[in-house]
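See structure below.
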Amino acid sequence: MGAMSKVKFGIVVFPGSNCDHDAYNVARHVMNQDAKFIWHKESSLGDADVIILPGGFSYGDYLRTGAIARFSPVMKEVVQFAKNGGTVIGICNGFQILLEAGLLPGVMLRNSSLQFVCKFIYLKVENPLTRFTSQCERGEVLKIPIAHGDGNYFADAGTIASLHEHNQIVFRYCSGSGEIDDVANPNGSLLNIAGIMNEEGNVLGMMPHPERASEPMLGSADGKKIFQSMIESLVLS
């Protein structure tokens, strides 16, 4: 992209998405980039540089979270876009959809408390060398909210070993001072995992909502760093 070009964000809208406008607001009005909604029945992503699969309850979470959205017509294009190296971020329900689509490994289980959890939590940046975290420091603690009932990440031992080997664990739940322990784990996720990327590094799934923490008036602007990182990676590429 040219140095002055605006990054084009495409926000996929499924029936039941409810964080699509939040993501649009951050991309267009906070970050001053181009943004458009992409309806789930579309067969093209247009000229989008970044695809956001937003949070919400796609298809009412029937069957399993993200299980039906996975078969929306647009997902064929998202999968191809990802396989061609395009930048894709799935937030909350979007993360669940990426798992169902096979773009990321592992599954989401019910929160260990069996309760819906909605609150600010702390995230430790485990890998700052990604197109989603380049504006963060290693070990930096971000304050970002969660809002989910099925955010308990699980994967088999072989998958976890592979995630470690390729530095694919991007975020982990931690305390305000950066301690990673059971007390700081809001949903029972294995190893406090809050966000992972694919081995190629162009697809990120995270349960916390950076788009809900990108303006100081919302209680935190830490999430803005994730959008800024994506923009910088594309503008400089």
The chain: DSSP helices with Cα axial extent of at least 27 Å and average Kyte-Doolittle hydropathy no lower than 1.6: none
So which residue, out of Leu53, Leu204, Leu191, gets the largest mean-square fluctuation from a GNM of the chain using Cα contacts under 10 Å as springs? Leu191
Full-stretch length increase - Val183, Asn32 - with 0.36 nm per residue and alpha-carbon distance subtracted: 50.6 nm
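Between beta-carbons, use under 13 Å as the cut-off and find the net charge around Thr159, counting Lys and Arg +1, Asp and Glu -1.
Working: positive: none; negative: Asp156, Glu165, Glu199.
Within the 13 Å Cβ shell, the charges total -3.
Output the antiparallel fraction of DSSP beta bridges having both residues in the range 47-199, as a percent to the nearest 5.
On the way: 18 of 22 bridges.
Bridges in the range 47-199 that DSSP calls antiparallel: roughly 80 percent.
Pop the C-beta distance of Lys76 and Thr159 into the FRET formula with R0 = 30 Å and round what comes out to the nearest 0.05. Let's see the in-between values first.
Values: r = 25 Å, r/R0 = 0.82.
Efficiency computed from Cβ-Cβ geometry: 0.75.
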Protection-proxy order for peptides 119-127, 89-97, each taking the mean of Cβ atoms within 10 Å per residue, highest first: 89-97, 119-127
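Pairs of Cα atoms under 8 Å, at least six residues apart: use those to get the relative contact order of the chain, whole percent. Let's see the in-between values first.
Working: 562 pairs, mean separation 49.4, N = 237.
After rounding, I find 21 percent.
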Apply 1/(1 + (r/R0)^6) to the Cβ-Cβ distance of Glu232 and Arg110, taking R0 = 35 Å, and write down the FRET efficiency to the nearest 0.05. 0.45
Quick calc: nm separation of the 7 Å Cα→Cβ label points for Met217 and Ser43 -> 4.3 nm
At 0.36 nm per residue, minus the direct Cα-Cα distance, what do Cys118 and Glu137 gain on full extension? Give it in nm, one decimal, please. 4.2 nm
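Coordinate-derived values only; no laboratory data. Quantities reported herein were computed from a predicted structural model and do not represent experimental measurements. Ideal geometry is used to build each Cβ from the backbone, glycine not excepted, and the neighbour counts take in all protein chains shown.
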